[in-house]
Amino acid sequence: MSIRTSEVLWAQRSDKVYLTVALPDAKDISVTHEPEGKFSFSAKSVQGESVGFSFELFEKIVPEGCKTKVGSRNIVCSVQKAEEGWWKRLLKLEGKPAPYIKVDWNKWRDEDDEDSIGSDMAPEDEITISGGEAESSDDDGILCMFYHS
């Protein structure tokens, strides 16, 4: 069985990197973050295909500060940087990134613009994913979140 990739849009703030994975109605979502900057994503598409990717981010991150929000059309991962500052690129490796990684111009902010913009992820909408399972405070176990861009 082969694993395919899905489009990943990225944007940053001085303290976070946002990764948006375009995968409608994803199931079995697993996101892992390691302090040295390794980021891994896997899920199943509606058609049952395995979707995944893994890469080394430009700098170190704080896994405990990373959050994942699952929507009906995409998954948004907020990755906390270990040190505040603007990265010159997303990945540690120099050169052109994989073709499935693109800039998220809807979320992009320049360093000068950051002070006037709030967080793109409201705390009440966050879902923490650990061990491949989404954790939600819903008593009936139904997970229903929407992401509006």
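Throughout, read-outs are computed from the coordinates displayed, never taken from laboratory work. Given the structure is predicted, the values throughout are model-derived calculations rather than measurements. With ideal geometry, Cβ positions are generated from the backbone for all residues, glycine too; neighbour counts draw on all protein chains shown.
What is the set of long-range amide H partners of residue 37 at a cut-off below 5 Å, with H atoms built 1.01 Å from backbone N?
61
Show me 58-64, 40-46, 77-83 ranked by packing, highest mean number of other Cβ atoms within 10 Å first.
Working: 58-64: 15.0, 40-46: 16.7, 77-83: 18.3.
Ranking the peptides 58-64, 40-46, 77-83 by packing returns 77-83, 40-46, 58-64.
For residue 107, give me every one of the lysines with a C-alpha distance below 23 angstrom, ignoring sequence neighbours fewer than eight places off in its own chain.
Cα-Cα hits under 23 Å: 16, 38, 60, 67, 69, 81, 88, 92, 96.
Mind giving me the nanometre distance, one decimal, between the label points for residue 80 and residue 102, set 7 Å out from Cα along Cα→Cβ?
In this crude label model, residue 80 to residue 102 measures out at 3.1 nm.
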